[in-house]
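Below: the structure, in structure tokens.
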Amino acid sequence: MSLPILEAKQICKQFKDPVAINVLNDISFSVNKGEFVSVIGKSGCGKSTLLYILSTMDTDYQGELLIDGERMTGRKDHELASVRNEKIGFVFQFHYLLNEFSVLQNIILPGQKLNKKSLGELENRAMELMKILGIQKLSNKKPNQLSGGEKQRVAIARALINEPHIIMGDEPTGNLDKKNSEIVFDIFNQLSAELGQSLLIVTHDPEFAARTSRIIEMEDGRIIRQ
Amino acid sequence: MSVKLNISIARALLLARWKQTMVAAVGVTFSITMFIALLGFMTGLNILLDSLLMNRTPHVRLYREVRANPNQPVNLSSQYNRHYNFISSVKSGNSREQIYNSATIMQNIRRDDRVLGLAPKITSQVFFNEGNIDITGVVYGIDVEAEIRLFYFNDYVITGNTSDLKNVANTIILGKGLAEKLLADIGDIVQVTNAQGERFRLKVAGYYQSGVQSLDKTQSFASIQTVQKILGKPNNYITDILVKLKDVNQAAAIAGEYANNYETDAEDFKTANAQFETGSSARSVISYAVGITLLIVAGFGIYNILNMMIYDKMDSIAILKATGFSGKDVKLIFMVIALGIGLFGGALGLLFGFLVSLLLDQVPFHSSAAPAVNTYPINYNPVFYFIGAVFSLVTTYFAGFFPARKASKVDPVIIIRGK
Ligand SMILES: Nc1ncnc2c1ncn2[C@@H]1O[C@H](COP(=O)(O)OP(=O)(O)O)[C@@H](O)[C@H]1O
Ligand SMILES: [Mg+2]
């Protein structure tokens, strides 16, 4: 009964700089609802490139991408923006928070954009998420006053605010020390186990990958094992 | 709702960089201030100068030109009507400067609804006798009351009493320069000789100053009756009828009509003062050009600052896009930033412009051409404020447009990958 949340069909991508190189070759796979999938592979094998395509930010590729059974390929900029807003939570290697806003405001910003809940409801949900992530004391601080691990947890809370269908992460622990990596991983695990959250996380940390429910291994722009 | 959110994001970005924002806004404020002050000042001066001329200028002047009769007898003769007739040295003969039937004409014109009022006038050439030197001059015979009402005669009589002209027989108001030449104080007697060589003694009742030196050295004013006596003319003798209209723009048409109806020559004020409009429109064009140039320069300032801000905010733009804000949203955010700067800078500019105008209004300004004015004339026309407001928004709109478009096209992948 597991429905695919995300499907990639024969995705290829070339960079034409300076000569055309195939970075991704015939990538096909799907992520089912509730799955915790990790993508591993050597540096430069095309993991990030793939993730940008899957997250709808990069539209320059061949093949087909479906999210929730809906075709994303060839859609307009503002349509893709609202898909990202509603269905995808993204966690980057670097935190990417807006320093002009407080932690709480950063977290609820995508929720305000979606505009389905009142400000009060969003704030309540944000406070709940912060409690789960152990950062409830930071809500009124500015992002530049936080440590790396704290920032990453704020970014995860922001990714969760709209109850996305899938969370994507591009080496979310790549910039963190052992202890903080552990915390972030535990959070992902908890989300997967307790809330049935679907996750697709790129990592080069084999230990991290080993603890996920499924591993996709890439090499030179191809999937060699899944 | 999305608009409201975008505006609040724009506000946060603006406030986070309030120093940059201030610099951009100060550029707009400065140019709007200058624009308002400059236009208020220039237009005030324009209106003053125009009114100096318009106050003293009749809209329509009726007179008779001394000229030869265009229908010479030979043209009327049937014997020669198929010939070309060449006549040389035609004399003006018995044509006169007097307006015939002046009483009836004045009565008719006074009844005309389009007319504000009229003033009869006599121009007469005389000599003022100073010892054994004769100074050529002009005495205008005027209807003092009409002259005060229609042509602000009182404003130009700097000392003495205009009513004496009417109430005391044989009085004269001398041009300032003329009085100095004649060494005539108020109450002194001056001697005047008419073209026929007859002498008259007139008492000085005051000084007149038009601001035009050459006129003030020759002009003087007396009552119509006095001038008629000097010329030895009957009491229906009038050489000019000066008409003021309710609507200046009808001057040319009415002048044509009167010339026809009353068989006189008629001149409207535009024909008489062709240079008048050119000067005043050139001055406004210059002020607008300077003001708008200032605004455009301020626009480039805003453009630069927004461009810098976008480089500064690349990361934020990438995040907004990654979390679901579209290119349109980002464009709107930066347009709001630009217009916010324009609105804030423009509003301050209008305020400061008004304050500077008030200040200039207090600066002493004395001109012999305008004895009734003591400080710089400033015009507070709301149209300038309206143009200033509109222009500050329009320039900031265009200054913001290209940076905002650039921001909307930022590719989040490139930014995120770049880290
Ligand atoms: N903009 C680009 N132009 C040309 N080549 C690129 C560009 N971006 C990435 N690449 C190349 O694509 C390959 C895959 O990169 P990436 O997806 O970042 O790998 P990974 O995330 O697995 O380390 C690398 O060889 C990289 O050099
Ligand atoms: Mg990578």
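Okay, residues lined up against (1) open to solvent by 20 Å² or more (accessible area, probe 1.4 Å); (2) among the β-branched types (Val, Ile, Thr); (3) in contact (Cβ under 8 Å) with a residue 12 or more places away in the chain; (4) within 14 Å of chain A (Cβ to nearest Cβ):
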{"residue": "B:10", "(1), (2), (3), (4)": "no, no, yes, yes"}
{"residue": "B:15", "(1), (2), (3), (4)": "yes, no, no, yes"}
{"residue": "B:44", "(1), (2), (3), (4)": "no, no, yes, no"}
{"residue": "B:53", "(1), (2), (3), (4)": "yes, no, yes, no"}
{"residue": "B:66", "(1), (2), (3), (4)": "yes, yes, yes, no"}
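The sole residue among B:376, B:380 that is over 11 Å from residue B:36 (Cβ atoms) and in contact (Cβ under 8 Å) with a residue 24 or more places away in the chain is B:376. For residues in the range A:37-53 being open to solvent by less than 10 Å² (accessible area, probe 1.4 Å), within 22 Å of residue B:324 (Cα to Cα) and within 9 Å of ligand 2 (Cβ to nearest atom), which is nearest to the chain's Cα centre (by Cα)? Among those that are open to solvent by less than 10 Å² (accessible area, probe 1.4 Å), within 22 Å of residue B:324 (Cα to Cα) and within 9 Å of ligand 2 (Cβ to nearest atom), it is A:51.
In the range B:102-212, counting only strands (runs of 3 or more DSSP E) that sit wholly within it, the ones holding 2 or more residues that are touching a residue at least 60 places away in the same chain (Cβ under 8 Å) and within 30 Å of residue B:250 (Cα to Cα) span B:115-130, B:133-142. Checked across the range B:363-376, the condition of being in a helix (DSSP H, G or I) and among the hydrophobic types (A, V, I, L, M, F, W, C) holds for no residue. Residue B:160 falls short on exactly one of the conditions (1) under 30 Å from residue B:49 (Cα atoms); (2) modelled with pLDDT of 90 or more, and that condition is (2). The residue that is farthest from ligand 2 (Cβ to nearest atom), counting only those in the range A:54-71 that are within 14 Å of chain B (Cβ to nearest Cβ) and within 19 Å of the chain's Cα centre (by Cα), is A:67.
Look at (1) of a type outside the set (Phe, Trp, Tyr); (2) touching a Gly at 6+ places or on another chain (Cβ under 7 Å); (3) closer than 30 Å to residue B:59 by Cβ and you find that residue B:357 fails only one, number (3). For the range A:167-182, a residue qualifies if it is closer than 19 Å to residue A:96 by Cα and more than 16 Å from ligand 1 (Cβ to nearest atom), and the qualifying residues are A:167, A:176, A:177, A:180, A:181. When the residues of the range A:30-50 are filtered to those that are near ligand 1 (Cβ under 8 Å from one of its atoms) and among the hydrophobic types (A, V, I, L, M, F, W, C), the one that is nearest to residue A:198 (Cα to Cα) is A:50. Could we say that residue B:417 is assigned to a helix (DSSP H, G or I), in contact with a Phe, Trp or Tyr (Cβ under 8 Å, 6 or more places away or on another chain) and open to solvent by 40 Å² or more (accessible area, probe 1.4 Å) here? Yes, satisfied.
Only a single criterion out of (1) assigned to a loop (DSSP other than H, G, I, E, B); (2) within 14 Å of chain B (Cβ to nearest Cβ); (3) open to solvent by 10 Å² or more (accessible area, probe 1.4 Å) is not satisfied by residue A:98, namely (3).
The values are calculated or read from the model by the stated rules, or taken from the named source; none is laboratory data. Owing to the predicted nature of the structure, the values given are computational and were not obtained by experimental measurement. All Cβ positions, even for glycine, are placed from backbone atoms using ideal geometry, and neighbour counts span all protein chains on display. The accessibility values were calculated without ligands, DNA or RNA, using every heavy atom of the protein model including side chains. Shrake-Rupley method; radii C 1.70, N 1.55, O 1.52, S 1.80 Å.
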